[in-house]
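A.B. asks: Before anything else, here's the structure in question.
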There are 2 protein chains.
Amino acid sequence: MATIKDVAKLAGVSISTVSYALNNHDKVSLSTKKRILEAARRLNYQKNGIASDLKRSSTRTIALIVTDLAGPHYAELVKGIQEVALSRGYDLLACSSLGGEQSTAVKFLTEKRVDGAIVLAYNIPAATLRRAAREAYPIILLDREIESPHTVSIEVDNEAGCHMATEHLIEQGHRRLAYVGGNPMEPLNEQRVSGFKRALRQHGLEREGQLHQFGMFNRDNGYAMTKMLIAEGNLPTGILYYNDEMAIGGIQAFREYGIRVPGDVSVIGFDDIELAQYVRPALTTVMQPKYERGALAAHLLFQALDGKPLEPRYRLPTRLIVRDSVRAPAGHEGKVPLRSE
Amino acid sequence: MATIKDVAKLAGVSISTVSYALNNHDKVSLSTKKRILEAARRLNYQKNGIASDLKRSSTRTIALIVTDLAGPHYAELVKGIQEVALSRGYDLLACSSLGGEQSTAVKFLTEKRVDGAIVLAYNIPAATLRRAAREAYPIILLDREIESPHTVSIEVDNEAGCHMATEHLIEQGHRRLAYVGGNPMEPLNEQRVSGFKRALRQHGLEREGQLHQFGMFNRDNGYAMTKMLIAEGNLPTGILYYNDEMAIGGIQAFREYGIRVPGDVSVIGFDDIELAQYVRPALTTVMQPKYERGALAAHLLFQALDGKPLEPRYRLPTRLIVRDSVRAPAGHEGKVPLRSE
DNA sequence: AACCATAATCGAAACGTTTCAATTTTTTAA
DNA sequence: TTAAAAAATTGAAACGTTTCGATTATGGTT
C-alpha cells in the first residue's frame with residue numbers, strides 16, 4: 001500500500017508538504033497541491049487512519065456499546081445518537097460486550113480507540129467501567145448507575161412508570177394483581193417492582209399482589225413463567241410484566257391454554273417496542289422516550305468531551321400507552337373510582 | 001494517561017521488557033514480570049490500542065457496514081457474523097454509510113482501520129468499494145455485485161424465490177396478479193421482478209400481470225403504492241410485494257379500505273422478517289437463510305484474509321413460508337392443478 | 001577457573017502520520 | 001538593486017507501541 005512517503009517521492013516534494021496538501025492547509029501553493037493530489041490519485045493512496053489517529057491523539061469517534069449486536073436494539077435510540085454524532089462530525093461505532101473481558105466492547109473502552117462511549121450493557125463489570133472512564137474519556141450509562149466521577153447515568157423513571165401502569169389496572173377494577181419479572185437482583189427490575197408495590201400499598205391491595213421474579217428478561221422466560229403461573233392456579237386478573245418481550249411470551253402462553261387476553265386476564269408490558277402494536281391483542285405498555293434518550297446520551301457525551309460539568313444522573317419520564325390488552329375484569333364493567341388509603 | 005514508558009520507569013526496566021511482559025512472552029523472568037504488572041496496576045496503565053495496531057499493522061477487527069445503524073438489522077444475520085468472528089478471535093464493529101462519502105463506513109473502508117468488511121449497503125458507490133478492496137483487505141458484499149478481484153458477492157436466489165411465490169399464488173387459483181416493488185433500477189428489484197415474470201410466462205398469464213415499481217422499499221411506500229393500486233380500480237387477486245415491509249404497508253392500506261386480506265386479495269412478501277409472523281393476517285413470505293448468510297459472509301471473509309482463493313459469487317436458496325395471507329380467490333376453492341405451457 | 005549455552009534484558013528502529021520551527025523561495029516596497 | 005515581508009517548503013520530532021538483533025547476566029560443564 002502506498003504511503004504518504006510514496007506520494008511525496010512521486011510528486012517530488014517533502015512529506016510534510018504532502019500532509020499539508022491532503023489536509024487542505026492553505027500554506028501550500030495551488031500548483032503543488034494539484035501535483036500532489038494527482039500523484040496520490042495515481043498511486044491510489046489512502047491515508048492510514050490509525051497512524052493519523054495516533055498522532056492526533058483523537059479519533060473523533062464514539063462507540064455505542066450493547067450487550068449483543070444481534071439483540072433488539074432500539075432503532076429509535078440509535079437514531080437519536082446517530083443524528084447528534086453526525087451533527088458534531090463524529091463517527092459512531094457499535095460493538096458488543098459479548099465475550100466479557102475479552103469482548104470488543106471492553107477493548108474499545110479501555111484501549112482509547114474511541115473518544116467516549118455510550119453503554120447499554122449490564123454484563124460489563126462496574127470496575128471495568130470505572131477503570132475506563134477518565135477525564136478525557138467520558139462514559140454515558142443507559143439504565144445503569146455506578147459510582148464514578150467521569151460517568152453519567154441516564155435512567156428512565158421505572159418506578160413511576162410501573163406505578164402508573166399498576167394504577168391503570170386498579171382503575172379498571174382489577175384487584176388480584178401480579179408482577180412478572182426476571183432476576184430480582186437487577187436494579188432495573190427492583191425499580192419496577194417497587195413502583196408496582198407502591199401502587200398496591202396506596203390502594204390497600206398489598207395482600208392481593210403476587211411477585212414472580214426469576215431468570216432472564218426475554219420472551220422465552222416470560223412464556224415459561226406464565227406457564228408456571230397458570231399451573232399454580234389462583235390466576236390474577238391483571239399482570240404487569242417487566243417488559244414487552246416477557247409480556248409477549250406471556251400472551252403466547254395464555255393463548256395455548258385457551259385463557260383469553262384481555263377477556264380473562266389483562267396484561268401490561270414495559271418499553272413499547274415496535275412489536276407491541278402488532279401483536280394481538282395490541283399490547284398496553286409503558287413507553288420510554290427512545291429517541292430522546294439516545295439524543296440526550298450523545299449530547300451529554302459531547303458536553304463532557306467539551307469539558308463542561310454534568311449532573312451525574314438524568315432521569316426521563318415515561319408514558320402509558322393504552323392499547324387492547326387491558327380490560328375491566330368480569331363483573332367490573334365501567335371505570336371504578338380510585339380510592340387511596 | 002500512563003504509557004508504557006511510565007511503567008518501564010516505575011518498574012526500573014526497559015520499555016521493551018515491559019512490552020514483552022505485558023504480552024506474555026516467556027522471555028521475561030517471573031520476578032520482573034510480577035514487578036512490571038504491579039507497576040502497571042499502580043499507574044492504572046492501559047495500552048493504547050491505536051499505537052499497537054499501527055505497529056502490528058493488523059487490527060484483528062472486521063466491520064459490518066449497513067446503510068443505517070437505526071435500520072432493521074436482521075438480528076440473525078448479525079448473529080451469524082458475530083459467532084464466526086468471535087470464534088476466530090476477531091472483533092466486530094458495526095457502522096453505517098449514512099452520510100455518503102463522509103460516512104463512518106467509507107472512512108473505515110478506505111483508511112485501513114479494520115482488516116476486512118462485510119457490506120450490506122447500496123448507497124456506497126461501486127467505485128469506492130473497488131478502490132477500497134485490496135489483496136489484504138477483502139470485502140464481502142451482501143445482495144450486491146460489483147466487478148472487482150478482491151470482492152465476493154453473496155446473493156440470495158431472488159429470481160427463484162419470486163418464481164416460487166408466484167407459482168404458489170397461481171396454484172391457489174389466482175390469475176390476475178401484480179408485483180409491487182420499488183425503484184426498478186435496483187438490481188435486487190430486477191431479479192425479483194424477473195422471477196415473477198418467468199412464472200407468469202410459464203403459465204400463460206403474461207397479459208394478466210401488472211407491474212408496479214416505484215420509489216423506496218419501505219413500509220410507507222408499500223402503503224402508498226397499494227393505495228394507488230386500489231384507487232386505480234381493477235384490483236388483482238394476488239399480489240407479490242418486493243419485501244415484507246412493503247407487504248405490511250400494503251395490508252395496512254387494504255385494511256383502511258375495508259378490503260380483506262386474504263379474503264379479497266392475497267398477499268406474499270419476501271424476507272421473512274420477525275414481524276411477518278406477528279402481523280395479522282400472518283404473512284406468507286419467501287424466507288432468506290439469514291443466519292447462514294451471516295455465517296457464510298464471515299467465513300468467506302476469513303478465508304480471504306488467509307489468502308485462500310474464493311469464488312467471486314455465492315448464491316443461497318430461499319424457501320416459501322406459508323402463513324395466512326394467501327387464500328384461493330372467490331370461486332376457486334380447492335387447489336388448481338398447475339398447467340405449464 | 002575458564003568456557004559455553006541459555007536466559008533475561010535492553011537499545012533502537014520502525015509503523016505512517018501531523019505539526020512545530022526553521023529554511024528557502026517569491027513577492028513587494030523602497 | 002536590495003532589504004524586508006510574505007509565502008511556500010522542509011526536516012525532524014513526536015504519538016505509543018512491537019520486535020529484531022545485540023548485549024549482559026546466570027548457571028552448568030569440564
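The values are calculated or read from the model by the stated rules, or taken from the named source; none is laboratory data. Given the structure is predicted, the values throughout are model-derived calculations rather than measurements. As a convention, Cβ positions derive from the backbone with ideal geometry for all residues, glycine included, and neighbour counts pool all protein chains shown. Note: accessible area is taken over every heavy atom of the protein model, side chains too, but ligands, DNA and RNA are not part of it. Shrake-Rupley method; radii C 1.70, N 1.55, O 1.52, S 1.80 Å.
A.B. asks: Can you name the number of the only condition in (1) open to solvent by less than 40 Å² (accessible area, probe 1.4 Å); (2) away from chain B (no Cβ under 14 Å); (3) over 19 Å from B:R131 (Cα atoms) that A:A39 fails?
C.D. replies: Tallying (1) open to solvent by less than 40 Å² (accessible area, probe 1.4 Å); (2) away from chain B (no Cβ under 14 Å); (3) over 19 Å from B:R131 (Cα atoms), A:A39 fails exactly one: (3).
A.B. asks: Oh, and also: Please identify the pairs in which a residue from the stretch B:32-57 that is on the phi < 0 side of the Ramachandran plot has its Cβ atom under 7 Å from the Cβ atom of a residue that is within 12 Å of DNA strand C (Cβ to nearest atom) and among the basic types (K, R), counting only partners at least 6 apart or on another chain.
C.D. replies: Correct list of pairs: empty, since none qualify.
A.B. asks: Tell me, please, whether a residue that is free of Cβ contacts under 8 Å to residues at least 12 places away in the same chain and more than 18 Å from A:G238 (Cα to Cα) can be found in the stretch A:195-209. Can you show your working first?
C.D. replies: Just the residues of the stretch A:195-209 that are free of Cβ contacts under 8 Å to residues at least 12 places away in the same chain, to begin with: A:201, A:206-207.
Subset that is more than 18 Å from A:G238 (Cα to Cα): none.
Checking the stretch A:195-209: not a single residue is free of Cβ contacts under 8 Å to residues at least 12 places away in the same chain and more than 18 Å from A:G238 (Cα to Cα).
A.B. asks: Among the residues of the stretch B:54-84, which ones are more than 9 Å from chain A (Cβ to nearest Cβ), assigned to a helix (DSSP H, G or I) and hydrophobic (A, V, I, L, M, F, W, C)?
C.D. replies: B:V84
A.B. asks: Being in contact with a His (Cβ under 8 Å, 6 or more places away or on another chain) and open to solvent by 40 Å² or more (accessible area, probe 1.4 Å) is the filter here; which residues of the stretch A:168-183 pass it?
C.D. replies: Hit for the stretch A:168-183 is A:Q172, nothing else.
A.B. asks: Ok, one more. Condition first: among the aliphatic types (A, V, I, L, M) and farther than 22 Å from B:D306 by Cα. Can you find one or more residues in the stretch B:24-34 that meet it?
C.D. replies: Quick first cut of the stretch B:24-34, residues among the aliphatic types (A, V, I, L, M) only: B:28, B:30.
After this cut, where a residue has to be farther than 22 Å from B:D306 by Cα as well, the list is B:28, B:30.
Yes, the stretch B:24-34 contains a residue that is among the aliphatic types (A, V, I, L, M) and farther than 22 Å from B:D306 by Cα.
A.B. asks: Which condition number does A:S19 fail, the rest of (1) under 25 Å from A:P138 (Cα atoms); (2) open to solvent by less than 60 Å² (accessible area, probe 1.4 Å); (3) within 7 Å of DNA strand C (Cβ to nearest atom); (4) not aromatic (F, W, Y) being met?
C.D. replies: With (1) under 25 Å from A:P138 (Cα atoms); (2) open to solvent by less than 60 Å² (accessible area, probe 1.4 Å); (3) within 7 Å of DNA strand C (Cβ to nearest atom); (4) not aromatic (F, W, Y) applied to A:S19, the lone miss is (1).
A.B. asks: Here is a further query. Sort through B:S87, B:S103 and tell me the only one that's hydroxyl-bearing (S, T, Y), more than 11 Å from DNA strand C (Cβ to nearest atom) and open to solvent by less than 10 Å² (accessible area, probe 1.4 Å). Can you show your working first?
C.D. replies: On the way: B:S87 fails: open to solvent by less than 10 Å² (accessible area, probe 1.4 Å).
The match here is B:S103.
A.B. asks: Being touching a residue at least 60 places away in the same chain (Cβ under 8 Å) and among the aromatic types (F, W, Y): is that true of A:Y241 here? Even if it seems obvious, please write down each step before you answer.
C.D. replies: Numbers: touching a residue at least 60 places away in the same chain (Cβ under 8 Å): yes; among the aromatic types (F, W, Y): yes.
Yes.
A.B. asks: Going residue by residue through the stretch A:142-151, is there one that turns out to be assigned to a loop (DSSP other than H, G, I, E, B), over 16 Å from the mean Cα position of the chain (by Cα), crowded, with 20+ Cβ neighbours inside 10 Å and within 14 Å of another protein chain (Cβ to nearest Cβ)?
C.D. replies: no
A.B. asks: Let me ask something else about it. For residues that are more than 8 Å from DNA strand D (Cβ to nearest atom) and of a type in the set (G, A, S), scanning just the stretch A:14-69, find the one that is nearest to A:I81 (Cα to Cα).
C.D. replies: A:A63
A.B. asks: Take the residues in the stretch B:1-16 that are more than 10 Å from DNA strand C (Cβ to nearest atom) and open to solvent by 50 Å² or more (accessible area, probe 1.4 Å), then tell me which one is nearest to A:Y137 (Cα to Cα).
C.D. replies: Per the criteria, the residue is B:M1.
A.B. asks: Continuing with the same structure: Residues A:E167, A:E190: which one is free of Cβ contacts under 8 Å to residues at least 12 places away in the same chain and assigned to a helix (DSSP H, G or I)? So that I can check it myself, show each step before the final result.
C.D. replies: Values: A:E167 fails: free of Cβ contacts under 8 Å to residues at least 12 places away in the same chain.
Among A:E167, A:E190, only A:E190 is free of Cβ contacts under 8 Å to residues at least 12 places away in the same chain and assigned to a helix (DSSP H, G or I).
A.B. asks: What are the residues in the stretch A:91-104 that are more than 9 Å from every other protein chain (Cβ to nearest Cβ) and of a type outside the set (D, E), if any?
C.D. replies: First, the residues of the stretch A:91-104 that are more than 9 Å from every other protein chain (Cβ to nearest Cβ): A:97, A:100-101.
Result: A:S97, A:G100.
A.B. asks: Filter the stretch B:298-313 down to the residues that are in a helix (DSSP H, G or I) and either in contact with a Lys or Arg (Cβ under 9 Å, 6 or more places away or on another chain) or touching a residue at least 24 places away in the same chain (Cβ under 8 Å) (or both) and list them by number.
C.D. replies: Pass one, the stretch B:298-313, residues in a helix (DSSP H, G or I): B:298-305.
Listed by number, the residues that qualify are B:A298, B:H299, B:L300, B:L301, B:F302, B:A304, B:L305.
A.B. asks: Considering only residues that are surrounded by fewer than 18 Cβ atoms within 10 Å (Cβ to Cβ), touching an Asp or Glu at 6+ places or on another chain (Cβ under 8 Å) and of a type in the set (K, R), which ones fall in the stretch A:184-220?
C.D. replies: Correct list: A:R198 only.
A.B. asks: As an exercise: evaluate B:G89 against (1) more than 9 Å from DNA strand D (Cβ to nearest atom); (2) in contact with a Phe, Trp or Tyr (Cβ under 9 Å, 6 or more places away or on another chain); (3) more than 26 Å from B:S103 (Cα to Cα) and give the number of the one condition it does not meet.
C.D. replies: B:G89 satisfies all of (1) more than 9 Å from DNA strand D (Cβ to nearest atom); (2) in contact with a Phe, Trp or Tyr (Cβ under 9 Å, 6 or more places away or on another chain); (3) more than 26 Å from B:S103 (Cα to Cα) except (2).
A.B. asks: For the stretch B:138-174, which positions are within 20 Å of B:M287 (Cβ to Cβ) and of a type in the set (D, E)?
C.D. replies: Scanning the stretch B:138-174 gives B:D143, B:E155, B:D157, B:E159, B:E167, B:E171.
A.B. asks: Across the stretch A:236-278, what is the total count of residues that are buried (at least 19 other Cβ atoms within 10 Å of the Cβ) and charged (D, E, K, R)?
C.D. replies: 4
A.B. asks: List the number of the failed condition for A:A282; all other conditions in (1) buried (at least 21 other Cβ atoms within 10 Å of the Cβ); (2) within 14 Å of chain B (Cβ to nearest Cβ); (3) within 24 Å of the chain's Cα centre (by Cα) hold.
C.D. replies: With (1) buried (at least 21 other Cβ atoms within 10 Å of the Cβ); (2) within 14 Å of chain B (Cβ to nearest Cβ); (3) within 24 Å of the chain's Cα centre (by Cα) applied to A:A282, the lone miss is (1).
A.B. asks: Which ones in the stretch A:221-235 are open to solvent by 30 Å² or more (accessible area, probe 1.4 Å) and touching a helix residue (DSSP H, G or I) at 6+ places or on another chain (Cβ under 6 Å)?
C.D. replies: Listed by number, the residues that qualify are A:Y223, A:K227.
A.B. asks: Name every residue in the stretch B:1-53 that is of a type in the set (A, V, I, L, M), closer than 29 Å to A:N48 by Cα and in a loop (DSSP other than H, G, I, E, B), in order of residue number.
C.D. replies: Applying the first criterion (of a type in the set (A, V, I, L, M)) to the stretch B:1-53 yields B:1-2, B:4, B:7-8, B:10-11, B:13, B:15, B:18, B:21-22, B:28, B:30, B:36-37, B:39-40, B:43, B:50-51.
Adding the requirement that they be closer than 29 Å to A:N48 by Cα leaves B:1-2, B:4, B:7-8, B:15, B:18, B:21-22, B:50-51.
Result: B:M1, B:A2.
A.B. asks: Considering the stretch B:106-123 alone, what residues qualify as being part of a helix (DSSP H, G or I) and open to solvent by 30 Å² or more (accessible area, probe 1.4 Å)? Before the answer, list the steps.
C.D. replies: From the stretch B:106-123, those part of a helix (DSSP H, G or I) are B:106-110; that's our starting set.
Across the stretch B:106-123, the qualifying residue is only B:K107.
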